[in-house]
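S.K.: The structure's right below; bear with me while I get my questions together.
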Amino acid sequence: MEGVEIRVGPDDVVHSRLTTHDFLIQEDGMAQSVQDLASKKCQACEGGVAPLTEAEIRNLLKQLEGWKYVDGRINKTYSFKDYYQTMAFVNATAWVSHREDHHPDISVGYNNCRVEYVTHAINGLTENDFICAAKLDRLFAL
C-alpha cells in the first residue's frame, strides 16, 4: 500500500500509511480524513442554528458510501441475509442513536433497513446527521 505525504505546515511533512482514498479534498482545497466523521461526537442541537449549505452537504456526502440526499434528508438502505440480522442492525442503530442523542427515521423489512437522517430541531441537515451516518456505515462493516 502506497502512503501519502501530508503537509501540516509550510515546512512540516507527515508521512502516513494511509492512501489517497483515505482523504477527501474539500472545496476549500484542504484535505480532511474520511475517518473523521465516524470518530466525532454529535453536538446538542435545540434549534437556532442554520442547516448545512448545499456545498457543505456535497462535501460531507463524498465521505459516505451509498447515502443519498433527497428532499433535504440523507438516506441509505442496508441489506441483510435475513430478518435476524436486520433486527440486530436496527437494535445496534438504536444504541448508537441513544449514545449520540441523535435519532433517525427507520423503516424495516424482512432483509433490509432504510435509515433516514435529518436534524428535526431545524428541519434540515447538520453535521450530526453525517456523523451518525458514518457511524452506521462503520457498524455495518463489522
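S.K.: How many residues, within region 109-125, are within 19 Å of residue 141 (Cα to Cα) and of a type in the set (A, V, I, L, M, F, W, C)?
M.R.: The qualifying residues number 2.
S.K.: With respect to residue 69, determine if the residue is farther than 16 Å from residue 38 by Cα and among the aromatic types (Phe, Trp, Tyr). Even if it seems obvious, please write down each step before you answer.
M.R.: Numbers: farther than 16 Å from residue 38 by Cα: yes; among the aromatic types (Phe, Trp, Tyr): yes.
So residue 69 passes the test.
S.K.: When the residues of region 45-60 are narrowed to those that are of a type in the set (A, V, I, L, M) and either surrounded by 12 or more Cβ atoms within 10 Å (Cβ to Cβ) or not assigned by TED's automatic domain parsing to the domain that holds residue 125 (or both), which ends up modelled with the lowest pLDDT? It would help to see each step written out before you state the result.
M.R.: Step one: filter region 45-60 for residues of a type in the set (A, V, I, L, M), giving 49-50, 52, 55, 57, 60.
The next check asks that each one be either surrounded by 12 or more Cβ atoms within 10 Å (Cβ to Cβ) or not assigned by TED's automatic domain parsing to the domain that holds residue 125 (or both); those that pass are 49, 52, 57, 60.
Working: 49: 84, 52: 92, 57: 95, 60: 93.
Only one residue tops the list, namely 49.
S.K.: Can you tell me which condition residue 63 does not meet? The list is (1) more than 10 Å from the chain's Cα centre (by Cα); (2) surrounded by 14 or more Cβ atoms within 10 Å (Cβ to Cβ); (3) among the polar types (S, T, N, Q), and all the others hold.
M.R.: (1)
Condition check ((1) aliphatic (A, V, I, L, M); (2) outside the structural domain of residue 85 (by TED's automatic domain parsing); (3) on the phi < 0 side of the Ramachandran plot; (4) surrounded by fewer than 15 Cβ atoms within 10 Å (Cβ to Cβ)) across all residues:
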position	(1), (2), (3), (4)
100	no, no, yes, no
103	no, no, yes, yes
106	yes, no, yes, yes
109	no, no, yes, yes
112	no, no, yes, yes
118	yes, no, yes, no
124	no, no, yes, no
129	no, no, yes, no
132	no, no, yes, no
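S.K.: Suppose we keep only residues that are part of a loop (DSSP other than H, G, I, E, B) and closer than 18 Å to residue 141 by Cβ within region 70-103. Which one would you say is nearest to the chain's Cα centre (by Cα)? Spell out the reasoning first.
M.R.: Residues of region 70-103 that are part of a loop (DSSP other than H, G, I, E, B), as a first pass: 71-72, 80-82, 101-103.
Narrowing further to those that are closer than 18 Å to residue 141 by Cβ: 80-81.
On the way: 80: 20, 81: 23 Å.
Looking at residues that are part of a loop (DSSP other than H, G, I, E, B) and closer than 18 Å to residue 141 by Cβ, I get 80.
The values are calculated or read from the model by the stated rules, or taken from the named source; none is laboratory data. Keep in mind that what you see is a predicted model, and the values were worked out from it rather than measured. Note that we place each Cβ from the backbone using ideal geometry, even for glycine, and neighbour counts take in every protein chain shown.
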